[in-house]
Structures are given as C-alpha cells and as structure tokens.
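What follows is a short report on a single structure.
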Amino acid sequence: MPANQLVDEMSKEQQKEQESLNLFYSTQTVIRKALNKLGYTNEMYELLKDPLRLLTVRIPVRMDDGTVKVFTGYRSQHNDAVGPTKGGVRFHPEVDEEEVKALSIWMSLKCGITDLPYGGGKGGIICDPRQMSFRELERLSRGYVRAVSQIVGPSKDIPAPDVYTNSQIMAWMMDEYSRLREFDSPGFITGKPLVLGGSKGRETATAAGVTICIEEALKKKGKELKGARVVIQGFGNAGSYLAKFMHDAGAKVIAVSDVYGGIYDPNGLDIDYLLDRRDSFGTFSQLFTETITNQELLEIDCDILVPAAISNQITAQNAANIKASIVVEAANGPTTLEATTILTERGVLLVPDILASAGGVTVSYFEWVQNNQGYYWSEEEVEEKLAKVMKKSFETIYETAKSHQVDMRLAAYMVGIRKVAEASSFRGWV
Ligand SMILES: NC(=O)C1=CN([C@@H]2O[C@H](COP(=O)(O)OP(=O)(O)OC[C@H]3O[C@@H](n4cnc5c(N)ncnc54)[C@H](O)[C@@H]3O)[C@@H](O)[C@H]2O)C=CC1
Ligand SMILES: O=C(O)CCC(=O)C(=O)O
C-alpha cells in the first residue's frame, strides 16, 4: 500500500451507517425533507437546521472529599419564534454538544406537534450521577443554574427533567434560580415536586402519552391491548410507569431492562415487584441472576416494542430482526433513519419519538400554566387534557403520513416544523 494512502478509509456503507448514528446529522436530513415537502425555501432550512443559541459552561463543584471537579454542561435553544424555549436537562456521561443540539431541535418539533406555545431547548451535563453523592448532585445542579442563568427564565427558556434527573434536582434548580432573582419563581422549571408547584400527572405524563399512542396504533392495526405482549427497554421514569400502565390495562409485559441488562418471562413479569425494587436511576436487573442483554431484548418475539432508554438502539444491524409489529419510541432517537426505512418497509407501525414521548412536555406546559395562574388542576383534568392533545396529534400525523405517502417520522417532522417555520416567517426572520 502506498505510504500516503489512508488505511481506514470508510466504505460507503460504513459512512452511511455512521451518518445515520449521528443524531444531529440525521435530524437535519429529515428537517430538510420535511421543509421541502411543505414547499419552504432553502433559507428556511438554513435557519432551522441549527439551534439559534448554544451555551457551553464549565461548572466547578466541591466534591465530598474536598477536591474540586470541573464539569462541562450545555444549554441549547433551537428557536424561540413561537415562544420561550422548553426542554429537559440530562445528566449522563455520554452527553455531548451534538446530542444536546439535536435534542433541542426535537423539542421544537414536539411543541409544534402538540401545538404548545414554545420553541425547543435542551440541556445536559457530562457527569455520572450514579457515582455522585446527594450533596454533590445538589451542588452540581445549583452550579448549572448559576452558569446558565442569563439565558433561562420563566419567559425565556424553561428546563425540565430528562435522563438521570428528577423532581429533587428540579427543586434544587428552582430554589437556586429563585435565590438569584430574589423572588419565588416556580414557573422557571417544570417537573417539580407537588409541594413546590409541580403538576399532578407530570411524573407519569411521558408514560401516559406513550400509552395513548400504543392504544391508537393498536386501533389502526385492528388489534387489542388486552393480552398483547409488550417489551420495554429502560425502566426509569418513562419505562417503569409505562410497564405499570400496560400491566394494569391487561397487556402482558414480558421483558424489561436497564443499563446493565434485562429480564424476560414469556408468561409475563411481576411489574409491581419490579417497581418496588428499582432504584432512583431505574436500575433493578442486578437483583437477578438470569438476565439477557439489551440487544437480545429488542429482538424478542412480541407485539409491541417500546425503546424507553437511550438513542441508536434499533439500527441497520438489528432492524430486520425486530419481531414487534408496533414500535413506539418513548426514548429520544432510539431508531436510526436506515432502521426506520427497514421497519416501515416491513410493515411495522413505527410511532416516532417526537410524537410518542410528547406527553412529558405537554404536562410540563400544563404545570407552567398552573404556576403562572396560581391555580392548580385535579389529576383527572390533567389526564383529560393530555389525552385530547395526544389523540389529536397522533391522528394528524397518521393522516399526514397516509396522504403524503411518507413514513410516520417524516410526517411528524412535517407537522412539527410547520409552526416554527410559520412563526419565523411572520416575524420576518426569513
Ligand atoms: N422523563 C421525561 O419526561 C421524558 C423522557 N424522555 C426520554 O425517555 C428516555 C428515558 O428517560 P427517563 O425515563 O426520563 O430516564 P431515567 O433516567 O428515569 O431512566 C433511564 C433508564 O434507561 C436505562 N439506561 C440508561 N442507559 C442505558 C443503556 N445504555 N442501555 C439500556 N438502558 C439504559 C437506565 O438504566 C434507566 O432504566 C430518554 O431517551 C429521555 O430523553 C422523553 C420525553 C420526556
Ligand atoms: O418536560 C419538558 O419540558 C421536556 C421533556 C423533554 O426533555 C423531552 O420531551 O425530551
């Protein structure tokens, strides 16, 4: 081989696979297609393909052993033409700039689909909260708020929980923001504990929204939830409550997993026992000796598969082996674009993340509205309003997919991007 020839030149297939795994790149690809279908010009694509703002911060935290560790965090604001930006904060060792940017674009799309008066935002900190003490996590959460305080706020950008963050972390963040601003600011953040202005139904909202999507998808397939075999990857906020809802509705949850692996029983699992034993990071599998891998779990023979953990789980490598006829994405970005095509061509009904997981931000919006008006709703009111939003969103996207003969993901992007594009256009930005 000549000395100047690159040894590791990627084949076309490898290049395609890598592009497909890059969340940000694949998001831009679908945005371009969606805007094109809607008849927008390239200028609109240039505006919407990237977030308007991305702040990178370094957060020094005094650890319990007296040393100081500096963490890197991000807040990305995709577009605020519709209204303040909104989206969760993720604490995870694999957080990176590209991921946070893609996640903030998806928040714009989710808010467009559900017709909320928000644009998309998202934040993240590179850390492993499972290795940190309670007090270290508090100092990190407060440090993050101090670092991003200039660009967030109840009418600027409203954070919320995401992977490995919860209502306690939201409470510390809200308290820090209120101290900085010197007034009580419950509307600064959502997903708070009920006593601090949280909304009834927010804790279970993402799973409740996924449940509605499963029910609607089953109707389209002429099938019933009762007796259906369900497999769920991830047993945190989204996955564990979903398992409970499925179990209570008479479905058979036959496999669930966490970061370390999963458990499988074709006769159905004891969900109440697992809920009781999981820890605050959605971990339970280490209690069992006979476990399966996350990859094995995805390929189990079942009727409904719900990835409810992290991104890039269903890829060109395993899409042909997925047995479920309905895949509902509770997680953000669990299926690559190539895998989406493979599943759709095989007749699998794939309900995309920006629709399926939109229950969380919808009830976050309800929480913010309740904070702003200082009047709080009953759980039934929240559930009823959420069901209305989710059913309407599902139907609009299903019909868009049918009428434009596109897959559900592209249809969801078309519905989601329209509002941001229209608002940007009215403001004279494009
Ligand atoms: N919490 C919310 O309101 C919303 C969450 N989502 C999405 O749902 C997904 C799950 O979020 P939450 O349940 O809130 O997080 P969580 O932190 O409560 O739970 C995460 C679960 O995923 C598992 N997990 C982590 N890394 C994994 C890996 N490499 N392989 C397999 N499993 C792994 C964990 O063990 C845990 O069971 C994420 O993609 C998140 O962005 C989407 C919309 C709203
Ligand atoms: O509840 C929210 O505001 C955002 C939830 C979120 O981060 C998501 O849907 O990915």
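For this structure, a couple of remarks:
- Pairs, first touching a residue at least 60 places away in the same chain (Cβ under 8 Å) in the range 273-290, second surrounded by 14 or more Cβ atoms within 10 Å (Cβ to Cβ) and of a type in the set (Phe, Trp, Tyr), C-beta under 7 Å, six or more apart: 281/164
- Residue 141 being hydroxyl-bearing (Ser, Thr, Tyr), closer than 18 Å to residue 237 by Cβ and either touching a Phe, Trp or Tyr at 6+ places or on another chain (Cβ under 6 Å) or within 12 Å of ligand 1 (Cβ to nearest atom) (or both): yes
- Top-ranked residue in the range 239-265 [being surrounded by fewer than 22 Cβ atoms within 10 Å (Cβ to Cβ) and in a loop (DSSP other than H, G, I, E, B); ranked as nearest to ligand 2 (Cβ to nearest atom)]: 259
- Qualifying residue in the range 150-162 (condition: buried (at least 19 other Cβ atoms within 10 Å of the Cβ), assigned to a helix (DSSP H, G or I) and within 14 Å of ligand 1 (Cβ to nearest atom)): no
- Given (1) assigned to a helix (DSSP H, G or I); (2) touching a residue at least 12 places away in the same chain (Cβ under 8 Å), number of the condition residue 406 does not satisfy: (1)
- Residue match in the range 367-377 (condition: assigned to a helix (DSSP H, G or I), closer than 27 Å to residue 31 by Cβ and in contact with a Lys or Arg (Cβ under 9 Å, 6 or more places away or on another chain)): yes
- Restricting attention to the range 79-138, the residues being away from ligand 1 (no atom under 14 Å from the Cβ), under 18 Å from the mean Cα position of the chain (by Cα) and surrounded by fewer than 24 Cβ atoms within 10 Å (Cβ to Cβ) number 6.
- Residues in the range 342-376 that are within 13 Å of ligand 2 (Cβ to nearest atom) and among the acidic types (Asp, Glu): 2 in all.
- Test: residue in the range 231-238 that is surrounded by 15 or more Cβ atoms within 10 Å (Cβ to Cβ) and over 17 Å from the mean Cα position of the chain (by Cα): yes
- Residues in the range 193-212 that are in a helix (DSSP H, G or I) and away from ligand 1 (no atom under 12 Å from the Cβ) were compared, and the one that is nearest to residue 239 (Cα to Cα) is 211.
Each value in this text was obtained by applying a stated rule to the coordinates, not by laboratory testing. Values in this document were obtained by computation on a predicted structure and should not be read as measured data. Heads up, the Cβs are rebuilt from the backbone with ideal geometry, glycines too, and the neighbour counts pull from every protein chain shown.
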